[in-house]
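Asker: The structure that follows is given in the form of C-alpha coordinates.
The values are calculated or read from the model by the stated rules, or taken from the named source; none is laboratory data. Source: prediction; values computed, not measured. All Cβ positions, glycine included, derive from the backbone under ideal geometry; neighbour counts span all protein chains shown. The protein model used for the area step is the full one, side chains on, heavy atoms only, and it has no ligands, DNA or RNA in it. Shrake-Rupley method; radii C 1.70, N 1.55, O 1.52, S 1.80 Å.
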Amino acid sequence: MRYWKLLNRFWGSALAAELEYRGNFALAAIAAVAMLAGSIFSLSLLYQGGYRPGGWKFDEALLVLGAFTILEGFSNTFLGPNLNRIVEQVQKGTLDFVLLKPVDSQFWLSTRFFSPWGLPNLLFGLGVWVYAGSRLGMGLSGYLLGLGLLGVASLLLYSLWFILGSTSIWFVKIYNVTEVLRGLLEAGRYPIGAYPALYRFFFTFVVPVAFLTTVPAEASLGRLEPPTLLLALGIALFVFAFARFFWRLALRSYTSASS
(Lines give C-alpha, C1' and ligand atoms only; values in the text may rest on other atoms or scores of the structure.)
Protein backbone atom coordinates (compact mmCIF):
# COMPACT_ATOMS: atom_id res chain seq x y z
CA MET A 1 0.00 0.00 0.00
CA ARG A 2 2.90 2.35 0.68
CA TYR A 3 4.09 1.95 -2.90
CA TRP A 4 0.59 2.51 -4.29
CA LYS A 5 0.32 5.75 -2.34
CA LEU A 6 3.75 6.77 -3.55
CA LEU A 7 2.78 5.99 -7.14
CA ASN A 8 -0.31 8.20 -6.82
CA ARG A 9 1.87 11.05 -5.53
CA PHE A 10 4.38 10.56 -8.34
CA TRP A 11 1.85 10.57 -11.15
CA GLY A 12 -0.33 13.26 -9.58
CA SER A 13 2.55 15.73 -9.38
CA ALA A 14 3.88 14.77 -12.82
CA LEU A 15 0.44 15.18 -14.40
CA ALA A 16 -0.07 18.56 -12.73
CA ALA A 17 3.26 19.76 -14.14
CA GLU A 18 2.54 18.46 -17.64
CA LEU A 19 -0.97 19.97 -17.78
CA GLU A 20 0.48 23.46 -17.50
CA TYR A 21 0.76 23.17 -21.29
CA ARG A 22 -2.56 21.60 -22.21
CA GLY A 23 -2.24 22.49 -25.86
CA ASN A 24 0.48 19.84 -26.11
CA PHE A 25 -2.15 17.13 -25.73
CA ALA A 26 -3.98 18.32 -28.84
CA LEU A 27 -0.70 18.44 -30.77
CA ALA A 28 0.20 14.96 -29.54
CA ALA A 29 -3.19 13.64 -30.65
CA ILE A 30 -2.81 15.17 -34.11
CA ALA A 31 0.70 13.75 -34.43
CA ALA A 32 -0.54 10.30 -33.31
CA VAL A 33 -3.33 10.34 -35.91
CA ALA A 34 -0.90 11.40 -38.65
CA MET A 35 1.62 8.70 -37.75
CA LEU A 36 -1.04 6.01 -37.53
CA ALA A 37 -2.53 7.04 -40.87
CA GLY A 38 0.92 6.88 -42.43
CA SER A 39 1.52 3.43 -40.95
CA ILE A 40 -1.81 2.10 -42.27
CA PHE A 41 -1.09 3.58 -45.69
CA SER A 42 2.37 2.00 -45.89
CA LEU A 43 0.89 -1.32 -44.73
CA SER A 44 -1.80 -1.15 -47.42
CA LEU A 45 0.91 -0.72 -50.06
CA LEU A 46 2.26 -4.17 -49.19
CA TYR A 47 -1.10 -5.71 -50.06
CA GLN A 48 -1.40 -4.28 -53.55
CA GLY A 49 -2.11 -6.89 -56.21
CA GLY A 50 -3.37 -9.49 -53.75
CA TYR A 51 0.04 -10.06 -52.16
CA ARG A 52 -0.02 -11.37 -48.56
CA PRO A 53 3.28 -10.86 -46.70
CA GLY A 54 4.01 -14.03 -44.75
CA GLY A 55 0.50 -15.30 -45.49
CA TRP A 56 -1.07 -12.64 -43.23
CA LYS A 57 -4.35 -11.03 -44.28
CA PHE A 58 -4.58 -7.26 -44.17
CA ASP A 59 -6.90 -7.24 -41.14
CA GLU A 60 -4.56 -9.65 -39.34
CA ALA A 61 -1.62 -7.37 -40.06
CA LEU A 62 -3.71 -4.51 -38.63
CA LEU A 63 -3.73 -6.40 -35.33
CA VAL A 64 0.07 -6.35 -35.35
CA LEU A 65 0.09 -2.63 -36.17
CA GLY A 66 -2.42 -2.01 -33.37
CA ALA A 67 -0.20 -3.90 -30.92
CA PHE A 68 2.81 -1.87 -32.04
CA THR A 69 0.92 1.42 -31.60
CA ILE A 70 -0.25 0.39 -28.11
CA LEU A 71 3.33 -0.40 -27.07
CA GLU A 72 4.53 2.85 -28.60
CA GLY A 73 1.99 4.75 -26.50
CA PHE A 74 3.02 2.76 -23.42
CA SER A 75 6.69 3.59 -23.96
CA ASN A 76 5.98 7.29 -24.60
CA THR A 77 3.80 7.53 -21.50
CA PHE A 78 5.76 5.51 -18.97
CA LEU A 79 9.14 4.27 -20.19
CA GLY A 80 10.67 7.20 -22.03
CA PRO A 81 9.96 9.87 -19.38
CA ASN A 82 11.56 7.70 -16.69
CA LEU A 83 14.19 5.38 -18.11
CA ASN A 84 15.79 7.94 -20.42
CA ARG A 85 16.59 10.00 -17.31
CA ILE A 86 18.80 7.30 -15.79
CA VAL A 87 21.72 8.48 -17.93
CA GLU A 88 21.23 12.05 -16.72
CA GLN A 89 20.95 10.91 -13.10
CA VAL A 90 24.25 9.05 -13.34
CA GLN A 91 26.05 11.82 -15.23
CA LYS A 92 25.02 14.59 -12.80
CA GLY A 93 25.35 12.49 -9.67
CA THR A 94 21.72 13.01 -8.68
CA LEU A 95 21.31 9.25 -8.53
CA ASP A 96 22.84 9.62 -5.05
CA PHE A 97 19.62 11.21 -3.80
CA VAL A 98 17.55 8.36 -5.26
CA LEU A 99 19.67 5.72 -3.54
CA LEU A 100 19.33 7.53 -0.20
CA LYS A 101 15.52 7.46 -0.29
CA PRO A 102 13.70 4.80 1.77
CA VAL A 103 12.22 3.23 -1.37
CA ASP A 104 13.40 0.71 -3.94
CA SER A 105 15.63 2.62 -6.37
CA GLN A 106 14.42 0.69 -9.44
CA PHE A 107 10.81 1.49 -8.54
CA TRP A 108 11.63 5.18 -8.14
CA LEU A 109 13.54 5.40 -11.41
CA SER A 110 10.84 3.46 -13.30
CA THR A 111 7.72 5.28 -12.08
CA ARG A 112 8.67 8.79 -10.94
CA PHE A 113 7.36 10.54 -14.07
CA PHE A 114 4.27 10.22 -16.22
CA SER A 115 3.65 11.82 -19.62
CA PRO A 116 0.05 12.05 -20.84
CA TRP A 117 1.24 12.92 -24.34
CA GLY A 118 1.70 9.24 -25.15
CA LEU A 119 -1.91 8.37 -24.31
CA PRO A 120 -3.27 9.20 -27.80
CA ASN A 121 -1.02 6.52 -29.31
CA LEU A 122 -2.17 4.03 -26.72
CA LEU A 123 -5.87 4.79 -27.26
CA PHE A 124 -5.65 4.86 -31.06
CA GLY A 125 -3.71 1.60 -31.04
CA LEU A 126 -6.40 0.03 -28.91
CA GLY A 127 -9.01 1.33 -31.37
CA VAL A 128 -7.17 -0.30 -34.30
CA TRP A 129 -6.95 -3.53 -32.31
CA VAL A 130 -10.70 -3.58 -31.64
CA TYR A 131 -11.54 -2.61 -35.23
CA ALA A 132 -9.34 -5.32 -36.76
CA GLY A 133 -10.63 -7.88 -34.28
CA SER A 134 -14.25 -7.08 -35.13
CA ARG A 135 -13.56 -7.52 -38.86
CA LEU A 136 -11.95 -10.89 -38.12
CA GLY A 137 -14.85 -12.00 -35.94
CA MET A 138 -12.66 -12.26 -32.86
CA GLY A 139 -14.47 -13.20 -29.66
CA LEU A 140 -14.05 -11.89 -26.14
CA SER A 141 -11.56 -14.63 -25.27
CA GLY A 142 -9.41 -13.58 -28.23
CA TYR A 143 -9.37 -9.96 -27.09
CA LEU A 144 -8.53 -10.87 -23.51
CA LEU A 145 -5.78 -13.31 -24.49
CA GLY A 146 -4.23 -10.85 -26.91
CA LEU A 147 -4.33 -7.97 -24.43
CA GLY A 148 -2.90 -10.25 -21.76
CA LEU A 149 0.03 -11.03 -24.06
CA LEU A 150 0.41 -7.29 -24.68
CA GLY A 151 0.81 -6.90 -20.92
CA VAL A 152 3.56 -9.53 -21.03
CA ALA A 153 5.12 -7.68 -23.98
CA SER A 154 5.07 -4.43 -21.99
CA LEU A 155 6.97 -6.12 -19.17
CA LEU A 156 9.54 -7.44 -21.64
CA LEU A 157 9.97 -4.04 -23.30
CA TYR A 158 10.40 -2.34 -19.93
CA SER A 159 13.01 -4.88 -18.83
CA LEU A 160 15.07 -4.49 -22.01
CA TRP A 161 14.92 -0.69 -21.76
CA PHE A 162 15.92 -0.71 -18.08
CA ILE A 163 18.87 -3.02 -18.74
CA LEU A 164 20.18 -0.64 -21.38
CA GLY A 165 19.67 2.32 -19.05
CA SER A 166 21.58 0.51 -16.29
CA THR A 167 24.69 0.27 -18.47
CA SER A 168 25.08 4.05 -18.08
CA ILE A 169 26.71 3.38 -14.69
CA TRP A 170 29.71 1.99 -16.58
CA PHE A 171 29.58 3.99 -19.82
CA VAL A 172 27.81 7.18 -18.57
CA LYS A 173 27.02 8.87 -21.91
CA ILE A 174 24.84 6.37 -23.75
CA TYR A 175 21.93 8.63 -24.73
CA ASN A 176 21.66 7.01 -28.15
CA VAL A 177 21.48 3.40 -27.00
CA THR A 178 17.75 3.56 -26.25
CA GLU A 179 17.19 5.15 -29.66
CA VAL A 180 18.89 2.13 -31.21
CA LEU A 181 16.44 -0.09 -29.34
CA ARG A 182 13.50 2.00 -30.51
CA GLY A 183 14.78 1.81 -34.07
CA LEU A 184 14.95 -1.99 -33.92
CA LEU A 185 11.45 -2.14 -32.45
CA GLU A 186 10.14 -0.35 -35.55
CA ALA A 187 10.30 -3.77 -37.22
CA GLY A 188 7.34 -4.72 -35.01
CA ARG A 189 4.98 -2.65 -37.17
CA TYR A 190 4.66 -5.63 -39.50
CA PRO A 191 4.20 -9.38 -38.90
CA ILE A 192 7.54 -11.10 -38.36
CA GLY A 193 6.53 -13.73 -40.92
CA ALA A 194 6.74 -11.05 -43.61
CA TYR A 195 10.53 -10.79 -43.21
CA PRO A 196 13.19 -13.07 -44.74
CA ALA A 197 14.37 -16.05 -42.66
CA LEU A 198 17.54 -14.34 -41.37
CA TYR A 199 15.57 -11.32 -40.16
CA ARG A 200 12.96 -13.57 -38.56
CA PHE A 201 15.71 -15.31 -36.59
CA PHE A 202 17.23 -11.98 -35.50
CA PHE A 203 13.93 -10.43 -34.43
CA THR A 204 12.92 -13.56 -32.53
CA PHE A 205 16.06 -14.77 -30.76
CA VAL A 206 18.41 -11.75 -30.68
CA VAL A 207 16.05 -8.79 -30.29
CA PRO A 208 12.69 -10.35 -29.34
CA VAL A 209 10.52 -8.04 -31.45
CA ALA A 210 8.30 -10.99 -32.41
CA PHE A 211 7.22 -11.46 -28.79
CA LEU A 212 6.20 -7.80 -28.54
CA THR A 213 3.71 -7.48 -31.41
CA THR A 214 3.36 -10.61 -33.56
CA VAL A 215 2.89 -13.09 -30.69
CA PRO A 216 0.00 -11.12 -29.08
CA ALA A 217 -1.70 -10.90 -32.49
CA GLU A 218 -1.27 -14.63 -33.11
CA ALA A 219 -2.55 -15.40 -29.62
CA SER A 220 -5.73 -13.39 -30.21
CA LEU A 221 -6.23 -15.26 -33.49
CA GLY A 222 -5.94 -18.61 -31.71
CA ARG A 223 -2.81 -19.66 -33.57
CA LEU A 224 -0.58 -20.30 -30.57
CA GLU A 225 -0.39 -23.46 -28.54
CA PRO A 226 -0.23 -23.26 -24.71
CA PRO A 227 3.52 -24.14 -24.65
CA THR A 228 4.25 -21.10 -26.84
CA LEU A 229 2.19 -18.86 -24.58
CA LEU A 230 4.05 -20.17 -21.55
CA LEU A 231 7.35 -19.61 -23.35
CA ALA A 232 6.47 -15.96 -24.01
CA LEU A 233 5.54 -15.47 -20.35
CA GLY A 234 8.68 -17.27 -19.22
CA ILE A 235 10.93 -15.11 -21.39
CA ALA A 236 9.36 -11.90 -20.06
CA LEU A 237 9.69 -13.00 -16.43
CA PHE A 238 13.28 -14.15 -16.97
CA VAL A 239 14.31 -10.85 -18.59
CA PHE A 240 12.57 -8.90 -15.80
CA ALA A 241 14.41 -10.94 -13.14
CA PHE A 242 17.66 -10.37 -15.02
CA ALA A 243 16.95 -6.61 -15.10
CA ARG A 244 16.62 -6.64 -11.30
CA PHE A 245 19.85 -8.61 -10.95
CA PHE A 246 21.67 -6.42 -13.49
CA TRP A 247 20.66 -3.21 -11.71
CA ARG A 248 21.99 -4.46 -8.38
CA LEU A 249 25.18 -5.58 -10.10
CA ALA A 250 25.56 -2.17 -11.72
CA LEU A 251 25.10 -0.37 -8.39
CA ARG A 252 28.19 -2.14 -7.06
CA SER A 253 30.21 -0.13 -9.57
CA TYR A 254 28.45 3.18 -8.92
CA THR A 255 30.70 5.79 -7.30
CA SER A 256 28.64 8.95 -8.05
CA ALA A 257 29.86 12.10 -9.78
CA SER A 258 31.14 13.68 -6.56
CA SER A 259 33.01 10.81 -4.90
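Asker: Note down the nm distance, to one decimal, between modelled labels 7 Å out along Cα→Cβ at Ala197 and at Val180.
Answerer: That separation, rounded to one decimal, is 2.8 nm.
Asker: OK, next. Using only the alpha-carbon atoms, what does the stretch 36-89 span along each of its principal axes? Please give whole angstrom values in decreasing order.
Answerer: 52, 16, 16
Asker: Take every Cα pair under 8 Å in the stretch 123-229 that's 6+ residues apart, average their separations, divide by the length, and report that relative contact order as a whole percent.
Answerer: Working: 65 pairs, mean separation 41.7, N = 107.
In percent, rounded to a whole number, it is 39.
Asker: Please find, in a Gaussian network model of the chain (springs between Cα atoms separated by less than 10 Å), the residue of Leu46, Leu62, Leu233 whose mean-square fluctuation is greatest.
Answerer: Leu46
Asker: According to the Cα gyration tensor, what semi-axes, each the square root of 5 times an eigenvalue, does the equivalent ellipsoid of the stretch 1-146 have, listed from largest to smallest in whole Å?
Answerer: On the way: eigenvalues 269, 58, 46 Å².
Semi-axes from the Cα gyration tensor: 37, 17, 15 Å.
Asker: Write down Rg/Rh for the stretch 134-259, rounded to two decimals, with Rg from the C-alpha atoms and Rh from the Kirkwood relation over Cα pairs.
Answerer: That ratio equals 1.06.
Asker: Hey, in the GNM for the chain with a 10 angstrom Cα cutoff, which one of Pro81, Pro120, Pro102 fluctuates hardest?
Answerer: Top of the fluctuation ranking is Pro102.
Asker: So for the chain, if I pair up every lysine 8 or more residues apart or on another chain, how many of those pairs have alpha-carbons under 29 Å apart? Each step should come with its number before you reach the end.
Answerer: Details: Lys5/Lys92; Lys5/Lys101; Lys92/Lys101; Lys92/Lys173; Lys101/Lys173.
Final tally of qualifying lysine pairs is 5.
Asker: Can you give the calculated 222 nm mean residue ellipticity of the chain, where each DSSP H run of n ≥ 4 adds -39,500 (n - 2.57) and the sum is split over every residue, rounded to the nearest 500 deg cm²/dmol?
Answerer: Details: 14 runs with 177 residues, N = 259.
Mean residue ellipticity, 222 nm, calculated: -21500 deg cm²/dmol.
Asker: Between the alpha-carbon centers of the stretch 50-106 and the stretch 214-231, tell me the distance in whole angstrom.
Answerer: Using only Cα atoms, the two centres lie 22 Å from each other.
Asker: Please build a GNM for the chain, connecting alpha carbons under 10 Å apart, and tell me which residue among Leu123, Leu237, Leu27 fluctuates the most.
Answerer: Maximum among the listed residues: Leu27.
Asker: For the stretch 49-63, take each phi angle, set θ = phi - 60°, evaluate the Karplus expression 6.51 cos²θ - 1.76 cosθ + 1.60, and give the result in whole Hz per residue in order, putting x for glycine and proline.
Answerer: x, x, 6, 10, x, x, x, 8, 6, 4, 5, 5, 5, 5, 4
Asker: Leaving ligands, DNA and RNA out of it, work out the accessible area of Trp117 with a 1.4 Å probe and give it in Å² to the nearest 10.
Answerer: Looks like 50 Å² after rounding.
Asker: While we're on this one: Which value does Rg/Rh take for the chain over its C-alpha atoms, Rh per Kirkwood? Write out the running numbers ahead of the final one.
Answerer: Details: Rg = 19.4 Å, Rh = 19.6 Å.
Rg/Rh: 0.99.
Asker: Which of the chymotrypsin sites (Phe, Trp or Tyr not before Pro) found in the stretch 174-242 are loop residues per DSSP with 12 or fewer other Cβ atoms within 10 Å of their Cβ?
Answerer: On the way: sites: Tyr175, Tyr199, Phe201, Phe202, Phe203, Phe205, Phe211, Phe238, Phe240, Phe242; in loops: Tyr175, Phe211.
Passing sites in the stretch 174-242 are Tyr175.
Asker: Cβ under 12 Å from Glu72's Cβ, Glu72 left aside: what net charge do those residues give with Lys, Arg +1 and Asp, Glu -1? Before the final figure, lay out each step's value.
Answerer: On the way: positive: Arg182, Arg189; negative: Glu186.
Within the 12 Å Cβ shell, the charges total +1.
Asker: In degrees from 0 to 90, rounded to the nearest 10, what is the angle of the helix 140-166 Cα long axis to the longest principal axis of the chain?
Answerer: Here the helix axis deviates by roughly 40 degrees.
Asker: Output ³J(HN,Hα) for the stretch 7-20: one whole-Hz value per residue in order, computed from phi by the Karplus curve 6.51 cos²θ - 1.76 cosθ + 1.60 with θ = phi - 60°, and x for Gly and Pro.
Answerer: 3J(HN,Hα) across the stretch 7-20, in whole Hz: 5, 4, 5, 4, 6, x, 5, 5, 5, 4, 5, 5, 6, 5.
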